[in-house]
Amino acid sequence: MAKSNRVYFAQRAAEELERAKSAASPDIAEVHRTLSRRYLERASIGDRPGQDQSEEGLFGDNRASFAKVTSDA
């Protein structure tokens, strides 16, 4: 992974920690801390070989929410 990508992910991790500190609820704060950990992992070890880029398990499967939009097109 390029150094600029690692810097980007480290910066995003710091931003997520700031958002966690100012979150309105404990649940939202936990989501921001989870994102921060993911970004830190990405910054420290880079991409894992063969790992899906969808961050499986972090955001869930939201394809159903787009079904109406794509059927209207």
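Here the Karplus relation 6.51 cos²θ - 1.76 cosθ + 1.60, evaluated at θ = phi - 60°, turns the backbone of the stretch 11-16 into coupling constants of 5, 4, 4, 5, 5, 5 Hz, with x for every Gly and Pro. Taking label points 7 Å from Cα along the Cα-to-Cβ direction, Ala2 and Ser22 give a separation of 3.0 nm.
Just so you know, all these numbers are worked out from the coordinates, no wet-lab data involved. Remember, predicted model here, so these are calculated numbers, not experimental data. Ideal geometry is used to build each Cβ from the backbone, glycine not excepted, and the neighbour counts take in all protein chains shown.
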